[in-house]
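The block underneath contains the structure these notes are about, expressed in structure tokens.
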Amino acid sequence: MSAIAPEFRLSRFVASLTDLIFWIIVIFTLIGLPIVFITLFYIELPEINGKLLTPYLALTWMADPSRTLPIIKSLIHTDFFRISTFPGFGFAALLAAGTIYVERKFLAKMQLRVGPLYCGKIEGILQLIGDGLKLISKEIIIPAKADKPIFWAAPLLFVGTAAAFISLIPVAPGWVVADLDVGLLAVFAVIGFFPIITLLSSWSANSKFPFIGGIRALHQMVSFEIPLILSLLGIVILAGTLNLTEIVESQQHYWWIIFMPIGAIVFFTTILAELERIPFDLPEAESEIVAGWLTEFSGMMYGLVQLGSYLKLYAFAGLFTVLFLGGWNGPMVWPPFPQEIITEGIKMGPITMHVPGLPLLDQEMLNGTLWFTIKTIGVILVILLPRGVFPRIRIDLLLHTGWYKLIGLAFVNIFIALALVYAGVLGPGGLIQ
Amino acid sequence: MADAVFLAISVLTIGSAIASLEVRSMIYGSISLMVTLAGVAGFFLLLDAPFVAMFQISVYVGSIAVLILFTVMLVRRELLFHKIEDPRRRYAGIGLMIVIMLGIGTIIIGSGLKSMEVDAPSVDFREIGKDFLTYYSPALVVMGLILASAVIGALTLARREDVTNEQRTD
């Protein structure tokens, strides 16, 4: 007799199994079969290519690549795909997640540490998944005297605003979620929401350290928004448009960073301040105010804020690429799609398969995406670099830098752009087109 | 579609405007003020003026609402306002609003605005910019001078001589 289940009887076990099977059959006959009959008799099934689309036929088509590929191709060109996957959220979230891992390894190598090492055996590549699972499974703790609606809404609003920012960045020719005529102004409008969300979330936690961090974040973001906007006006003057796609197209022969290095430097500095990265990480200064405005967040709420801030990092790096580094412009290095697959089909032994609609994405788009991604990753690495090198600066020096030096430099940049336009070098009717 | 959106934005804007006056918590009041200002931006978007809408969001929601929020959070309420609970004031305010609205309404109906074209193409903001730099350039210069003098005046008012800076500034 077994010690684990002393009351075990094989006959009872078999009886319970047959009982279960009996009830399944009864329920299926009484409820399941009528539902199937109603579906087949009363719902009009579509007729495609002279055949009735029965559920069986639909299942067959799902496994057939020559029929599924056109469906996927039409899906790729829907708005839903753009918003959720390619130039929108999915692509950005993938890059942002990669950034978190790369940042840790990159800083570790810079400081002669090893960084994440054990998770995933090879250089800790599964560390991110482990961290994500940990954040999802953690309990969300809300301070007792917090203002609950705002406290709950703040991380969602933060991610939502970052996603709205991403939707304005053009990745490849024609591949942008929202191609606005006033794209750059929309960027400024979206950036304006971050200090509000930061301040509200820090206030709603009803705790000292978040509030100090939030006030610091507000000071920093509001004062660096002005040089940010001013440093980009030079490009608007030279390109003659506010549309981000047209700004990229205006850089086919030369990048704007060649003519406006001062603007690029000012914009890069303001990016660091807006993203609260070292040397401007006063809102999150962990050695002074615990974790700044993130102190009271726990579990997935913290995870969402972290995701939002890295999405914002990607969006700002993408904006720098679009405005100063020529966006998707670059030499054509992507190999063309092999024509014989379209004309002759794929040969696998005795079988030849013709797959209609095969180049899913055209060569130009893939090449543009490749160059955009390379440049953006380069900018992200340069944004990550100061964290391993610089100390945190004092808040009065920060404000002094923002209000005096950067605004002055931004005006110098605008005057350079105006001089280039009035000297007839650039702009409409200029020497260099 | 446009009518439904217009109705939704109107309800949102007016509702949050009433809420910003009536809600007891000042933080929630300023949040609903933000919603009101964003709703006005929505009206501009409906009117085919995305340029104005984006400026409405970035200036009013992004800067002015932040300033209001900042003030409300930092200053205690008793220092800012004396609470006067008087229903007669509220009714007087509502009556005044109705009178003003009726006045503006009669003026608009009396003017030629009611016969405007509905399907006219939207004005490109580049055209507005060209007009500003050519025909209306004196107005632009005057506006620039007013803004500059306002900024300089604010800096002068905010400057305090009695506070000595003891920290190094280099």
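Bear in mind that the values in this text are calculations on the coordinates, not laboratory data. What you are looking at is a predicted structure, and each value in this text was computed from that prediction instead of being measured. With ideal geometry, Cβ positions are generated from the backbone for all residues, glycine too; neighbour counts draw on all protein chains shown.
Remarks
- Summed side-chain charge close to residue A:322 - residues other than residue A:322 whose Cβ falls under 12 Å, Lys, Arg +1, Asp, Glu -1: -1
- Cross-link table A:148/A:405; A:105/A:405; A:138/A:208; A:145/A:405; A:109/A:208, entries beyond 31 Å C-alpha to C-alpha: A:148/A:405; A:105/A:405; A:145/A:405; A:109/A:208
- For the peptide A:192-203, the mean number of other protein chain Cβ atoms found within 10 angstrom of a residue's Cβ is 4.
- Within the protein assembly as shown: Cβ-based charge dipole about Cα centre, in debye rounded to nearest 20 (Lys, Arg +1; Asp, Glu -1): 1480 debye
- Rounded Å value of the spacing that divides the Cα centres of region A:228-276 and region A:340-415: 15 Å
- Only Lys, Arg (+1) and Asp, Glu (-1) charged, at Cβ; region A:139-422 dipole about Cα centre in debye: 640 debye
- Positive-end extreme of charge dipole, chain A - chosen from A:56, A:395, A:259 (charges on Cβ): A:395
- Chain lengthening between residue A:226 and residue A:44 when straightened (0.36 nm per residue, less Cα-Cα): 59.4 nm
- Cα-projected label distance for residue A:113 with residue B:64, points at 7 Å along beta-carbon direction, nm: 4.7 nm
- Legend: calculated FRET efficiency, residue A:36 to residue A:14, from the Cβ-Cβ distance at R0 = 30 Å, rounded to 0.05, equals 0.50.
- Chain A - percent relative contact order, Cα under 8 Å, separation 6 or more: 20 percent
- Phi-derived couplings, Karplus 6.51 cos²θ - 1.76 cosθ + 1.60 at θ = phi - 60°, listed residue by residue for region A:385-395: 4, x, 5, x, 10, 9, x, 6, 9, 6, 6 Hz, with x used for Gly and Pro.
- Calculated [222 nm] ellipticity per residue, helices only, for the protein assembly as shown: -20000 deg cm²/dmol; basis is -39500 (n - 2.57) per DSSP H run with n ≥ 4, divided by all residues, nearest 500.
- Summed residue charge, Cβ within 14 Å of residue A:75's Cβ, Lys/Arg positive, Asp/Glu negative: +2
- Computed from the Cβ-Cβ distance with R0 of 22 Å, the FRET efficiency linking residue A:29 to residue A:58 stands at 0.35.
- Karplus-based coupling profile of region B:4-20, in residue order and whole Hz: 5, 5, 4, 4, 4, 5, 4, 4, 4, 5, 5, x, 6, 5, 5, 4, 5, with θ = phi - 60° in 6.51 cos²θ - 1.76 cosθ + 1.60 and x standing for Gly or Pro.
- Charge dipole (chain A, unit charges on Cβ, about Cα centre) - positive-most of A:169, A:136, A:33: A:136
- FRET efficiency, 1/(1 + (r/R0)^6) with R0 51 Å, evaluated for residue A:291 and residue B:137 via beta carbons: 0.50
- Helices that extend 20 Å or more along their long axis by alpha-carbon positions and average at least 0.0 on the Kyte-Doolittle scale are, among the DSSP H runs of chain A, A:10-27, A:89-110, A:148-166, A:208-239, A:299-324, A:363-384, A:407-422.
- Restricting the calculation to Cα atoms, chain A yields a radius of gyration followed by a Dmax of 28.4, 100 Å.
- Other residues within the sphere of radius under 10 Å centred on the Cβ of residue A:293, judged by their own Cβ, net out at -2 (K and R +1, D and E -1).
- Exposure proxy ranking for B:132, A:224, A:81, based on other Cβ atoms within 10 angstrom of each Cβ and starting from the fewest, stands as B:132, A:81, A:224.
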